[in-house]
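No value in this document is a laboratory result; all are computed from the given coordinates. These numbers come from a predicted model, not from an experiment. FYI the Cβ positions are ideal-geometry reconstructions off the backbone, even for glycines, and counts take in every protein chain you see.
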Amino acid sequence: MLGAMIRRYARGAVASWAVAAALALAACSSGTPDAGQGSTPAAAAKHSATAGPAPSKTPAHRRTRPLPVAPGQASLPQTMVHPRTRGRAFHAMVTDLWLAVRTGKPALGRMAFFPVDAYKQVKAIVDPAADWRARLWGDYVLDVKAAHALLGPDAKAARLVRVLVAGRDASWINPGVCYNRVGYWHVAESRVVYRLHGQVRSFGIASLISWRGVWYVVHFGGVVRPTVGMVDAPAAGPGVVGPQGGC
């Protein structure tokens, strides 16, 4: 009888150990936070970042209302947190941008655009708010309409596939450069990849800059440009991210 009790105890101990080991293995294989979260600029810049919108209950092509990107953050001071290319804020940014392009309504993509309150902190010029309204936002409006026209009469049938961002190559732009008094992360020539009539196509985002760890569009179709709507490097297939440069 004593021998049977010992054997039952041994089998139970082995089973308990196996369950504990399985749980530990599952914990070790779980996902990790996005590159750049809570990192120093030097460490975060080592990480690559090519990402698509995060899963959502409502797919981007079915949305009729924009998502809040980073509510209440634009009036707060800048940080050096490296922007993430996944998570709620990034998903909202690309969803809103795509919603604006697909519908041809730039106002739906306003929260994807660099906020005026942040721009007033960045620029060391006489009236940054006026520059934001007359130049940056005006260009964005024209470019959204141009990208919508690129999609053609069946624009609403287009489906966002992913947005490619070269986060590994993002540069920290120091104060004093390009008439700035506050620094920010910058990445050039990202790609919006979409599918229309069974074909994968893409166009570029000329310039993304950060505020408090969130990417925003600041130049969509082009940086140096005439006062007309532009589409940055439209292409069959996903196109090529980069090259980097600018501020």
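Filter the trypsin sites (Lys or Arg not before Pro) in region 98-183 down to the DSSP loop ones having no more than 16 other Cβ atoms within 10 Å, then list what survives.
Arg181
Return the sequence-ordered ³J(HN,Hα) values of region 67-83 in whole Hz as given by the Karplus equation 6.51 cos²θ - 1.76 cosθ + 1.60 applied to θ = phi - 60°, using x for Gly and Pro.
For region 67-83, the Karplus-derived couplings read 9, x, 8, 8, x, x, 8, 5, 8, 8, x, 5, 10, 9, 4, 5, x Hz, x marking Gly and Pro.
Along each of the three principal axes of the Cα atoms of region 171-227, give the extent in whole Å, ordering the values from largest to smallest.
Sorted largest first, the three principal extents are 46, 30, 14 Å.
Under 5 Å between amide hydrogens, which residues at least 5 positions from Leu67 or on another chain qualify, with H placed 1.01 Å from N in the peptide plane?
Distant-sequence amide H within range of Leu67: Asp96.
Between His197 and Val126, what is the label-point separation in nm under the 7 Å Cα-to-beta-carbon projection?
Using points 7 Å along Cα→Cβ, the separation is 5.0 nm.
Estimate the FRET efficiency between Cys247 and Lys105 by the formula 1/(1 + (r/R0)^6), using the beta-carbon distance for r and 41 Å for R0, to the nearest 0.05.
So the FRET efficiency works out to roughly 0.90.
Extending each Cα 7 Å along its Cβ direction at Arg225 and Val240, get the distance between those two points in nm, one decimal.
2.2 nm
Which cross-chain or sequence-distant (5 or more) residues have an amide H under 5 Å from the amide H of Tyr184, H modelled 1.01 Å from N in plane?
Long-range HN contacts for Tyr184: Ile173.
Using θ = phi - 60° and the Karplus curve 6.51 cos²θ - 1.76 cosθ + 1.60, what whole-Hz ³J(HN,Hα) does each residue of region 222-227 get, with Gly and Pro shown as x?
Karplus-based 3J(HN,Hα) across region 222-227 equals x, 9, 8, 6, x, 8 Hz.
Project the alpha carbons of region 39-236 onto their principal axes and report the range along each, largest first, in whole Å.
46, 36, 29
What are the ³J(HN,Hα) values, in whole Hz, obtained from phi via the Karplus relation 6.51 cos²θ - 1.76 cosθ + 1.60 with θ = phi - 60°, for each residue of region 233-247 in sequence order, with x given for Gly and Pro?
The phi angles translate into 6, x, 8, 6, x, x, x, 10, 6, x, x, 8, x, x, 8 Hz.
Taking amide H positions as placed 1.01 Å from N in the peptide plane, with prolines and chain starts having none, which residues 5 or more places from Trp215, or on another chain, fall under 5 Å of its amide H?
Hits under the 5 Å cutoff: Arg84.
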